1. Going through PHE147, PHE136 one at a time, which residue ends up being open to solvent by 90 Å² or more (accessible area, probe 1.4 Å), within 26 Å of PRO19 (Cβ to Cβ), modelled with pLDDT of 85 or more and touching a Phe, Trp or Tyr at 6+ places or on another chain (Cβ under 9 Å)?
2. Please enumerate the residues belonging to segment 123-143 that are within 13 Å of the chain's Cα centre (by Cα) and not acidic (Asp, Glu).
Amino acid sequence: KSVLNKIEKKLGYPCFIKPANAGSSVGITKAHNRQELESGLKLASEHDRKILVEEFIDGHEVECAVLGSVEKADASTVGEIFSAAEFYDYDAKYNNAESKTVIPAQLDESVIEEIRKTALKVFKAVDGSGLARVDFFVEKDTNRVIFNELNTLPGFTSISMYPKLWESAGKPIDQLIDELISLACCGK
């Protein structure tokens with residue numbers, strides 16, 4: 001009960017409960033009350049021994065792809081996610097055709113540039129190499145950019161944002177894969 005009390009006091013509702021190391025939004029819950037918080041913690045613990053509880057941010061979810069090394073990295077434009085569900089969970093990603101991604105994101109150019117620069121800073125801060133997708137929220141009323149997470153092995157499915165972001169920049173998937181192989185083999 002003390003953990004629940006701490007979460008409620010620090011974050012309030014709604015909040016998100018996530019397994020720390022699961023991908024594709026598996027095991028994530030948006031809790032609106034204590035009962036949902038308890039069941040969300042139980043669900044997350046079925047997927048990982050580490051659990052994250054995050055505050056709710058009223059904003060748009062956006063993503064930026066990074067390619068390269070600490071010495072020389074490039075960031076794509078920014079893509080935006082419009083979820084068909086209350087949040088972009090596994091079902092909304094893979095089973096609901098109503099979820100959409102928009103590239104480039106429907107944001108002011110200055111906000112897109114801020115996200116790109118911040119994505120590069122995050123990549124370099126963790127000594128990134130090869131590829132990463134850096135996810136952010138853009139707060140609804142203020143356009144404040146908030147770093148959400150770094151995905152060091154983003155997907156390459158037909159709906160994955162990482163290759164779509166590079167394709168929109170004129171880098172088709174075959175060229176992208178060639179560059180990733182070159183980075184892995186030669187560091188360039």
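The values are calculated or read from the model by the stated rules, or taken from the named source; none is laboratory data. Every value quoted in this text rests on a predicted model; they were computed, and no experiment measured them. We place every Cβ from the backbone using ideal geometry, glycine too, and count neighbours over all the protein chains shown. In case anyone asks, the SASA skips ligands and DNA or RNA and just uses the protein heavy atoms, side chains included. Shrake-Rupley method; radii C 1.70, N 1.55, O 1.52, S 1.80 Å.
1. The unique qualifying residue is PHE147.
2. In the first step, residues of segment 123-143 are kept if they are within 13 Å of the chain's Cα centre (by Cα); the result is 132-138.
Result: ALA132, ARG133, VAL134, PHE136, PHE137, VAL138.
Per-residue answers, yes or no, for (1) within 18 Å of ALA105 (Cβ to Cβ); (2) in contact with a His (Cβ under 9 Å, 6 or more places away or on another chain); (3) open to solvent by 30 Å² or more (accessible area, probe 1.4 Å); (4) outside any loop (DSSP other than H, G, I, E, B):
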| site | (1), (2), (3), (4) |
| --- | --- |
| ILE17 | no, no, no, yes |
| GLY27 | no, yes, no, no |
| LYS30 | no, no, no, yes |
| GLN35 | no, no, yes, yes |
| LYS42 | no, no, yes, yes |
| GLU54 | no, no, yes, yes |
| CYS64 | yes, no, no, yes |
| ASP74 | yes, no, yes, yes |
| GLY79 | yes, no, no, yes |
